[in-house]
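Asks: First, the structure itself, so that you have it in front of you.
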Amino acid sequence: MARLRLALVAGPMYDHLYDVFDRDDVEVIVHADHPTLNRTVADLLSRGERIDVLATHSKYAPSQSDWLLPLDDVLEPSTVEALAPGAVGLCRFDGALWCVPRLVDVRVLWSRVDRVERPPDTWSELLESDAVIGFTGRESGAFGMFFELVAGAGGALFDENGRPTIDTRIAVEALDMMRRLASRGPADLSSWHYDEVDRALLDGRVDMAAAWPGGWGAIRDSAYVDRLVPSPYPAGSVRRVSYSGCHAWAVPRTCADVPRAAALVERLIGESWQFRDATQGSICANRAAMEAVVPVGELDALRLEITKRTIAEAMITYPPLKRFPEIEDAAWTAIQQALRGSIGPDAAVRSMQSAAEDVLASE
């Protein structure tokens, strides 16, 4: 019997799960950060290569839907019913379930209390201070922070019909804030991805940074854990938001053994394996697994309470767009250029709007 071929997202927040795989039953053909994973998978699937189980994300699944199997009739209904309904809803597009959620991501702020007297409650308060915040300067994290700043100030990147509304004064001001915050950070900040932000926080290169729930394990084990405190993500002038979505599992149409692939996915989102994820800090979609988690100490209880409250009150997501990865790539490239000073915020915002219009016009 052939081994199942898996494409997995890589990183400290995800890799702890993978040692449960029986390597006699599975073959990992891709194990990479999410942008690299997406590009590699797109290439493989466009050529008809076999992938049996795919790690994806709710915001990327619409762009992969031509290559994926709808899961409503593939998975046992009870398996999906055990998951948080809101997370499952984020994995639907055009009425079909293209992936099933593994975990829900929102960011909370972690600050060094020996450097910051009080964590900032708003972005304006942070900007007026001399505190150094670390953040991603490229790819989905850069566009995500821009999304947060725009939405927090009452703006929107897309209208209710999914049309781009990026070129606004609010967006220019949001990008200018990112540029100003980056200018007092480490010189290489504009090249950081998520893992570099986490390392900068734990190595003391920055005073504060936002972290995903899955980053808790590294924070808990850090030499600085007694100096790090969580707080809600800073609020904008209108509201407090944290951009989010669901890491998820999907079954491509090139799958050679759908029953075995479905059985593996059902184990991955079952209570036992989800509890393993949850003990590392992740907010797992399986409700029973999350209910079984007992916080270890006051700090763990506080970060868990803030994270759950953020999901309930401040979570924002992108609209489901089939060409979203192309829009995201064009946007973060313009944002990074603005952070590096090669173009101004006005020009970067115009570039994002134009690129999004061109992408959606060619659908």
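A quick yes/no check of all residues on (1) assigned to a loop (DSSP other than H, G, I, E, B); (2) aromatic (Phe, Trp, Tyr); (3) surrounded by fewer than 23 Cβ atoms within 10 Å (Cβ to Cβ); (4) out of contact with any Asp or Glu (no Cβ under 7 Å at 6 or more places or on another chain):
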{"residue": "Val197", "(1), (2), (3), (4)": "no, no, no, yes"}
{"residue": "Leu201", "(1), (2), (3), (4)": "no, no, no, yes"}
{"residue": "Arg205", "(1), (2), (3), (4)": "yes, no, yes, yes"}
{"residue": "Ser222", "(1), (2), (3), (4)": "yes, no, yes, yes"}
{"residue": "Val229", "(1), (2), (3), (4)": "no, no, yes, yes"}
{"residue": "Val238", "(1), (2), (3), (4)": "yes, no, yes, yes"}
{"residue": "Ala261", "(1), (2), (3), (4)": "no, no, no, no"}
{"residue": "Phe275", "(1), (2), (3), (4)": "no, yes, yes, yes"}
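Asks: Can you tell me how many residues in the stretch 207-220 are touching a Lys or Arg at 6+ places or on another chain (Cβ under 7 Å) and open to solvent by 10 Å² or more (accessible area, probe 1.4 Å)? Steps first, answer last, please.
Replies: Narrowing the stretch 207-220 to residues touching a Lys or Arg at 6+ places or on another chain (Cβ under 7 Å): 207-208, 210-212, 216.
Narrowing further to those that are open to solvent by 10 Å² or more (accessible area, probe 1.4 Å): 207, 210, 212, 216.
Summing the residues that are touching a Lys or Arg at 6+ places or on another chain (Cβ under 7 Å) and open to solvent by 10 Å² or more (accessible area, probe 1.4 Å) in the stretch 207-220 gives 4.
Asks: Taking the stretch 79-104 as the region of interest, how many residues are open to solvent by less than 10 Å² (accessible area, probe 1.4 Å) and among the charged types (D, E, K, R)?
Replies: Of the stretch 79-104, the ones open to solvent by less than 10 Å² (accessible area, probe 1.4 Å) are 83, 87, 91, 97, 99-103.
Filter again for among the charged types (D, E, K, R), leaving 102.
Number of matching residues: 1.
Asks: Can you tell which of Ala338, Ala301, Ala314, Ala356 is out of contact with any Pro (no Cβ under 6 Å at 6 or more places or on another chain) and of a type outside the set (Val, Ile, Thr)?
Replies: Numbers: Ala338 fails: out of contact with any Pro (no Cβ under 6 Å at 6 or more places or on another chain); Ala301 fails: out of contact with any Pro (no Cβ under 6 Å at 6 or more places or on another chain); Ala356 fails: out of contact with any Pro (no Cβ under 6 Å at 6 or more places or on another chain).
Checking each option against the conditions leaves just Ala314.
Asks: Sticking with this structure for a sec: Just one of the numbered conditions (1) among the charged types (D, E, K, R); (2) in a loop (DSSP other than H, G, I, E, B); (3) at pLDDT 95 or above is not true of Asp114; which one?
Replies: Result: Asp114 fails condition (3) only.
Asks: Just to check your reading of the model, which residue among Ala174, Ala256 is touching an Asp or Glu at 6+ places or on another chain (Cβ under 9 Å) and surrounded by fewer than 18 Cβ atoms within 10 Å (Cβ to Cβ)? Before the answer, list the steps.
Replies: On the way: Ala174 fails: surrounded by fewer than 18 Cβ atoms within 10 Å (Cβ to Cβ).
The conditions single out Ala256.
Asks: Quick one: count up the residues across the stretch 277-307 that are open to solvent by less than 20 Å² (accessible area, probe 1.4 Å) and either of a type in the set (S, T, N, Q) or assigned to a loop (DSSP other than H, G, I, E, B) (or both). Steps first, answer last, please.
Replies: Residues of the stretch 277-307 that are open to solvent by less than 20 Å² (accessible area, probe 1.4 Å), as a first pass: 277-278, 281-286, 289, 300, 303-304, 306-307.
This time we only want the ones that are either of a type in the set (S, T, N, Q) or assigned to a loop (DSSP other than H, G, I, E, B) (or both), so: 281-282, 285-286, 307.
Result for the stretch 277-307: 5.
Asks: While we're looking at this one, here's another question. Scan (1) open to solvent by 50 Å² or more (accessible area, probe 1.4 Å); (2) in contact with a His (Cβ under 8 Å, 6 or more places away or on another chain) for the single condition Ala248 breaks and write down its number.
Replies: (1)
Asks: State the number of residues belonging to the stretch 9-23 that are open to solvent by less than 50 Å² (accessible area, probe 1.4 Å) and either out of contact with any helix residue (DSSP H, G or I) (no Cβ under 8 Å at 6 or more places or on another chain) or free of Cβ contacts under 8 Å to residues at least 24 places away in the same chain (or both). Before you say what the answer is, go through the steps one by one.
Replies: Restricting attention to the stretch 9-23, the residues satisfying the condition of being open to solvent by less than 50 Å² (accessible area, probe 1.4 Å) are 9-11, 13-14, 16-18, 20-21.
With either out of contact with any helix residue (DSSP H, G or I) (no Cβ under 8 Å at 6 or more places or on another chain) or free of Cβ contacts under 8 Å to residues at least 24 places away in the same chain (or both) added as a condition, the list becomes 18, 21.
Residues flagged as open to solvent by less than 50 Å² (accessible area, probe 1.4 Å) and either out of contact with any helix residue (DSSP H, G or I) (no Cβ under 8 Å at 6 or more places or on another chain) or free of Cβ contacts under 8 Å to residues at least 24 places away in the same chain (or both) within the stretch 9-23 amount to 2.
Asks: Now for a separate question. Among the residues of the stretch 24-33, is any small (Gly, Ala, Ser) and either surrounded by fewer than 16 Cβ atoms within 10 Å (Cβ to Cβ) or out of contact with any helix residue (DSSP H, G or I) (no Cβ under 8 Å at 6 or more places or on another chain) (or both)?
Replies: We begin by selecting, within the stretch 24-33, every residue small (Gly, Ala, Ser); these are 32.
Subsequent filtering for residues that are either surrounded by fewer than 16 Cβ atoms within 10 Å (Cβ to Cβ) or out of contact with any helix residue (DSSP H, G or I) (no Cβ under 8 Å at 6 or more places or on another chain) (or both) retains none.
Within the stretch 24-33 (the criterion being small (Gly, Ala, Ser) and either surrounded by fewer than 16 Cβ atoms within 10 Å (Cβ to Cβ) or out of contact with any helix residue (DSSP H, G or I) (no Cβ under 8 Å at 6 or more places or on another chain) (or both)), the answer is no, since none of the residues qualifies.
The values are calculated or read from the model by the stated rules, or taken from the named source; none is laboratory data. This one's a predicted model, so the numbers in the text were calculated from it and none came from an experiment. Don't worry about glycine lacking a Cβ; one is built from the backbone with ideal geometry, like all the others, and counts go over all protein chains shown. These accessible areas exclude ligands, DNA and RNA; they are computed on the full protein's heavy atoms, side chains included. Shrake-Rupley method; radii C 1.70, N 1.55, O 1.52, S 1.80 Å.
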